[in-house]
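Bear in mind that the values in this text are calculations on the coordinates, not laboratory data. Just so you know, these numbers come straight off a predicted model, no measurement behind them. Note that each Cβ is placed from the backbone with ideal geometry, even for glycine, and that neighbours are counted across all protein chains shown.
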Amino acid sequence: MEKWFNVGKLVNTHGIKGEVRVVSRTDFANERYQSGSILYLFMPDEKEPIQLKVKSHRVHKSFDLLTFEGYENVNDVEKMKGGILKVSESSLGELEENEFYYHEIIGCTVYTTAGEILGEIKEILTPGANDVWVIKSKGGKDILIPYIEEIVKKVDVKEKKVIIEPMEGLLS
């Protein structure tokens, strides 16, 4: 079964020539939205996604504005509002060393360098300079781990295992 990954939400139309406003959810907007790219639109009440080919992309304020081939005016795209744009797992690109997709990290079990199991990564926050991994501990309390070299020592996405060196006060 094909896995799908959210790259944006289509929130509104823009103008009368078939342009749509997208709130992007990808770190690779220029690649995902470049002319010729294939995206899939998932609508809340539809079982099958609609395949769309990007015709144009530009940024306006905090939105990515897209047009799609075959959708030439506002009436063609009006019904797309509220849809989620996704890509298939097969279209995910290769990342650099020590870079990971969220779906690879969420669900990993976190261990200390001493071998203690802390819990499972349930969420990733992106507040600023570095990501923060939220671990659901055995006791039910969330532990926040900054994704920095001094803390995160090893990530094995195949084994779903992360090893950290907790700094003072991190686990208290």
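When Lys and Arg each count +1 and Asp and Glu each count -1, what net charge do the other residues less than 15 Å away from LYS161, Cβ to Cβ, add up to?
Details: positive: LYS153, LYS154, LYS158, LYS160; negative: GLU104, GLU116, GLU120, ASP156, GLU159, GLU165.
Neighbourhood net charge equals -2.
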Problem set entry | Residues whose placed amide H lies under 5 Å from that of LYS161, excluding near-sequence neighbours | THR109, ASP156
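Expressed as a fraction of 2.2 N^0.38 Å, the rule-of-thumb size for a compact globular protein of N residues, what is the C-alpha radius of gyration of the stretch 4-90? Don't jump to the answer; show the numbers that get you there.
Values: Rg = 11.5 Å, N = 87, 2.2 N^0.38 = 12.0 Å.
With N residues counted in the stretch 4-90, Rg over 2.2 N^0.38 Å equals 0.96.
For the stretch 14-160, what number results from the quotient of the Cα radius of gyration and 2.2 N^0.38 Å? Don't skip to the answer; put the middle values down first.
Details: Rg = 19.4 Å, N = 147, 2.2 N^0.38 = 14.7 Å.
Rounded to two decimals, the normalised Rg is 1.32.
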Exercise. Within straight cross-link reach of LYS81, meaning Cα distance under 21 Å, which lysines are found once same-chain residues fewer than 8 apart are removed?
Worked result: LYS9, LYS17, LYS47, LYS53, LYS55, LYS61
Exercise. What FRET efficiency would be calculated for the residue pair SER56, GLU97, taking the C-beta separation as r and a Förster radius of 30 Å, to the nearest 0.05?
Worked result: 0.35
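Using Cβ contacts closer than 10 Å as the measure, can you line up SER35, SER62 from fewest to most?
Numbers: SER35 12, SER62 8.
Sorted ascending by nearby Cβ count, the order is SER62, SER35.
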Problem set entry | ³J(HN,Hα), Karplus 6.51/-1.76/1.60, whole Hz, each residue of the stretch 17-31, x for Gly, Pro | 9, x, 7, 10, 9, 10, 8, 6, 10, 10, 7, 10, 4, 4, 6
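Given N residues in the stretch 102-164, what is Rg(Cα) / (2.2 N^0.38 Å)? Write out the running numbers ahead of the final one.
On the way: Rg = 10.7 Å, N = 63, 2.2 N^0.38 = 10.6 Å.
The stretch 102-164 yields a ratio of 1.00.
When only C-alpha pairs under 8 Å and at least 6 residues apart count, what is the relative contact order of the stretch 9-156, in percent? Could the numbers behind the result be given before it?
Numbers: 252 pairs, mean separation 25.9, N = 148.
Computed over the stretch 9-156, the figure is 18 percent.
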For this session: Arrange the peptides 41-54, 72-85 so that the one whose residues have, on average, the most other Cβ atoms within 10 Å appears first.
Result: 72-85, 41-54
